[in-house]
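Peer 1: Below: one structure in structure tokens.
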Protein chains: 2
Amino acid sequence: MPAEKEPRAPKSEQTRALILETALRLFQERGYDKTTMRAIAKEAGVSVGNAYYYFAGKEHLIQGFYDRIGADHRSAVREVLDRETDLEARLAGVLLAWLDVAAPYHEFAAQFFKNAADPDSPLSPFSSESEHAREASIAIHREVLAGSRAKVPAELADALPELMWLAQMGLTMYWVFDRSPGGERSRRLAVRGARLTARGVSLARFRVLRPLVHEVHELFTDFLPGMARTVAARA
Amino acid sequence: MPAEKEPRAPKSEQTRALILETALRLFQERGYDKTTMRAIAKEAGVSVGNAYYYFAGKEHLIQGFYDRIGADHRSAVREVLDRETDLEARLAGVLLAWLDVAAPYHEFAAQFFKNAADPDSPLSPFSSESEHAREASIAIHREVLAGSRAKVPAELADALPELMWLAQMGLTMYWVFDRSPGGERSRRLAVRGARLTARGVSLARFRVLRPLVHEVHELFTDFLPGMARTVAARA
């Protein structure tokens, strides 16, 4: 896969970025379904062959977008994760940073939603195609837990970060439709969701609850196609 | 509201049903956005004024559809609710009956999804416009609990049926995208979800959990516009 070649020369990195920017702008202006690779290449001033060298198709551009926004998120959370040890504050910081990083793409997200909402689509955050971006995002939640003072039972160490990431996807869906100024409602939901999660995690000391957490986690990995494959590959 | 007049003469009931059938067929064939009231009236062989007499607009047709499918669901669950006293069996029966009743509208639901997914839209199951259909559906879940042998603490009696209904909406969203033959994956999810819910309810005997259930419920009613208004009106 040419797009995965490394290390990249700065020039080709620039071309790749240019194609991605151009695609996102056209998706926003014309809609994802109506934008062709040919149109993206033309608008970016590269040959069609060159565009396909960097991205094997439109889906790959979306994966490139997911990877990009994920990298931006990782940079944005660094400060709060290095500073805070309180689980609620760490998670709130991570979710608010996510909303900050996503903000410029709000309009695109609204029109793109119907493509990504289908869990069987390669564009879904739950698909196996999105695994790279998803795993990177789940790793942030693993760090949220690991660096906090909260005591997490070892048997929930795999399930909790994935459930927290699922909650982040729920927040994202809410945000897609949020028309409040500055996404203020989504920000309040992030803060409230962080508080609820922290309280839920502190209840994990009650052993009677652990099978239930496992069952919720199993349910969601079983029924989301990409997640099921990821879990199967891990086993 | 003429559509709410009662008792209806059989003739006008027939006309109303004919307009609703016609609208659903056209929505399915041409898409919801592209179908006009004028086209619906023409296809049903009634005057435009007559169509507007029964339904003040396209949104009202969708509310009529929600009411209809809700009434079908109420009939379909009668048998299982009269027979079963086990919470898991009652809930599984209600969710499977929901999938049965919804089955003929699978194609429509897939194309209609983007209209209903926006919680601020009058077409959303969470909107205040959908309150009538929503309350009827929540009442079924209230009966699921009330007629079961499960002990439900009085303080959760309001929250649990609304959370169970929310889970039904989650199942519906999964089903919209489910392409397995006969919606077999959705049916398995319904059965598994019923089991998980029954286990969760049985944990409600642990007092330490009740504030968490309340907080989850409060979070979801606060952030879904129609639900928030319904709860405010109740207080």
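Peer 1: Rounded to the nearest 500 deg cm²/dmol, what is the calculated helix-only ellipticity per residue at 222 nm for chain B, with -39500 (n - 2.57) per DSSP H run of length n ≥ 4?
Peer 2: After summing the helix terms and dividing by the residues of chain B, the value is -23000 deg cm²/dmol.
Peer 1: Step by step: find N for segment A:58-223, compute 2.2 N^0.38 Å, then divide the Cα radius of gyration by it. What's the final number?
Peer 2: Normalised Rg, Cα atoms only: 1.02.
Peer 1: In vacuum, with every alpha carbon of segment B:85-125 counted as one equal point scatterer, what does the Debye formula give for log10 I(q)/I(0) at q = 0.13 Å⁻¹? Two decimals, please.
Peer 2: Computed log10 I(q)/I(0) values: -0.41.
Peer 1: Once the Cα atoms of helix A:184-202 and of chain A are each reduced to a long axis, what angle between those two axes, in degrees from 0 to 90 to the nearest 10, is obtained?
Peer 2: 40
Peer 1: Top mean-square fluctuation among B:18, B:61, B:99, Gaussian network model of chain B, C-alpha springs under 10 Å?
Peer 2: B:18
Peer 1: Same structure again: Can you list, shortest first and in nm, the gaps between the label point of residue B:146 and those of its counterparts in the other copies, using a point 7 Å from Cα in the C-beta direction?
Peer 2: For residue B:146, the inter-copy label distances come out at 5.1 nm.
Peer 1: Next up: Go ahead and set up a Gaussian network model of chain B, Cα springs under 10 Å, then flag whichever of B:17, B:109, B:97 fluctuates most.
Peer 2: With Cα springs under 10 Å in chain B, the top fluctuation among B:17, B:109, B:97 is at B:17.
Peer 1: Leaving out ligands, DNA and RNA, and with a 1.4 Å probe, what % of the accessible surface on segment B:58-223 is carbon or sulfur?
Peer 2: So the carbon and sulfur contribution to the accessible surface is 57 percent.
Peer 1: Sticking with this one: Considering every Cα-Cα pair within segment B:1-98, what fraction, in whole percent, is farther apart than 24 Å?
Peer 2: Cα-Cα pairs of segment B:1-98 separated by over 24 Å account for 36 percent.
Peer 1: A further question on this structure: Select from B:150, A:126, B:171 the residue farthest towards the positive end of the dipole of the protein assembly as shown; place +1 on Cβ of Lys and Arg, -1 on Cβ of Asp and Glu, and compute about the Cα centre.
Peer 2: With unit charges placed on the Cβ atoms, the residue in question is B:150.
Peer 1: Skip the ligands, DNA and RNA, and give the accessible area per residue of the protein assembly as shown with a 1.4 Å probe, whole Å².
Peer 2: 48
Peer 1: For segment A:91-133 and segment B:160-202, what is the centre-to-centre distance using only Cα atoms, to the nearest Å?
Peer 2: Between the Cα centre of segment A:91-133 and that of segment B:160-202, the gap is 23 Å.
Peer 1: Also, I was wondering about something else. What are the label-to-label distances in nm, one decimal and shortest first, from residue B:128 to the same spot in the other copies, with labels 7 Å along Cα to Cβ?
Peer 2: With the label placed 7 Å along Cα→Cβ, residue B:128 yields 4.8 nm.
Peer 1: Highest GNM mean-square fluctuation, chain B, Cα pairs closer than 10 Å: which of B:206, B:113, B:223?
Peer 2: Looking only at B:206, B:113, B:223, the largest GNM fluctuation is found for B:206.
Peer 1: Just to verify a number: what accessible area does residue A:15 come out at with the full protein assembly present, 1.4 Å probe, Å² rounded to tens?
Peer 2: Ignoring ligands and nucleic acids, residue A:15 comes out at about 20 Å².
Peer 1: Further, regarding this structure: Using a Förster distance of 56 Å, how high is the FRET efficiency between residue A:48 and residue B:107, based on the Cβ-Cβ distance and rounded to 0.05?
Peer 2: About 0.95, to the nearest 0.05.
Peer 1: Let me ask something else about it. Loop-only trypsin sites (Lys or Arg not before Pro) in segment A:118-151, please: DSSP not H, G, I, E or B, and at most 14 other Cβ atoms within 10 Å.
Peer 2: Within segment A:118-151, the qualifying trypsin sites (Lys or Arg not before Pro) (loop, at most 14 other Cβ atoms within 10 Å) are A:149, A:151.
Peer 1: So how strong a dipole does segment A:58-223 carry about its Cα centre when Lys and Arg Cβ are +1 and Asp and Glu Cβ are -1, to the nearest 20 debye?
Peer 2: Magnitude of the dipole: close to 780 debye.
Peer 1: Something else now. Could you name the residue in chain A with the C-beta closest to the rotation axis that superposes chain A on chain B, along with the separation in whole Å?
Peer 2: Output: A:114, 2.
Peer 1: Quick one: compute the contact order of chain A, relative version, from alpha carbon pairs under 8 angstrom and 6+ residues apart, as a percent.
Peer 2: Over chain A, the number comes to 20 percent.
Peer 1: Could you sort out which of B:34/B:114; B:11/B:34; B:42/B:114; A:34/B:114 sit more than 23 Å apart by Cα distance in this structure?
Peer 2: B:11/B:34; B:42/B:114, as the Cα separations exceed 23 Å there.
Peer 1: Give me the orientation-averaged projected area of the Cα convex hull of segment A:9-56, in nm², one decimal.
Peer 2: 3.0
Peer 1: OK, next. Would you check the accessible area of residue A:60, probe 1.4 Å, heavy atoms only, in square angstrom rounded to 10?
Peer 2: Here the accessible area works out near 70 Å².
Peer 1: Where q = 0.06, 0.07, 0.11, 0.13 Å⁻¹, what log10 of I(q)/I(0) comes from the Debye formula for the protein assembly as shown, counting one point per Cα?
Peer 2: -0.31, -0.42, -1.02, -1.36
Peer 1: Once both axes come from the Cα atoms, what is the angle between helix A:225-234 and the longest principal axis of chain A, in degrees from 0 to 90, rounded to 10?
Peer 2: Roughly 70 degrees between the two axes.
Peer 1: Return one number: the angle in degrees, 0 to 90 and rounded to the nearest 10, between the long axis of the Cα atoms of helix B:10-30 and the longest principal axis of the Cα atoms of chain B.
Peer 2: 90
Peer 1: Continuing with this model, one more query. Computed on protein heavy atoms with a 1.4 Å probe, what is the summed buried accessible area for the chain pair A and B, in Å² to the nearest 100?
Peer 2: Chains A and B together bury roughly 3100 Å² of accessible area.
Peer 1: Can you list the distances in nanometres, one decimal and ascending, from the residue A:179 label point to the identical position in each other copy, with the point 7 Å along Cα to Cβ?
Peer 2: 3.2
The values are calculated or read from the model by the stated rules, or taken from the named source; none is laboratory data. Everything quoted here is computed from the prediction, not taken from an experiment. For neighbour counting, all protein chains shown are included, and Cβ atoms are generated from backbone atoms with ideal geometry for every residue, glycine included. Calculation scope for accessible area: heavy atoms of the full protein, side chains included, ligands and nucleic acids excluded. Shrake-Rupley method; radii C 1.70, N 1.55, O 1.52, S 1.80 Å.
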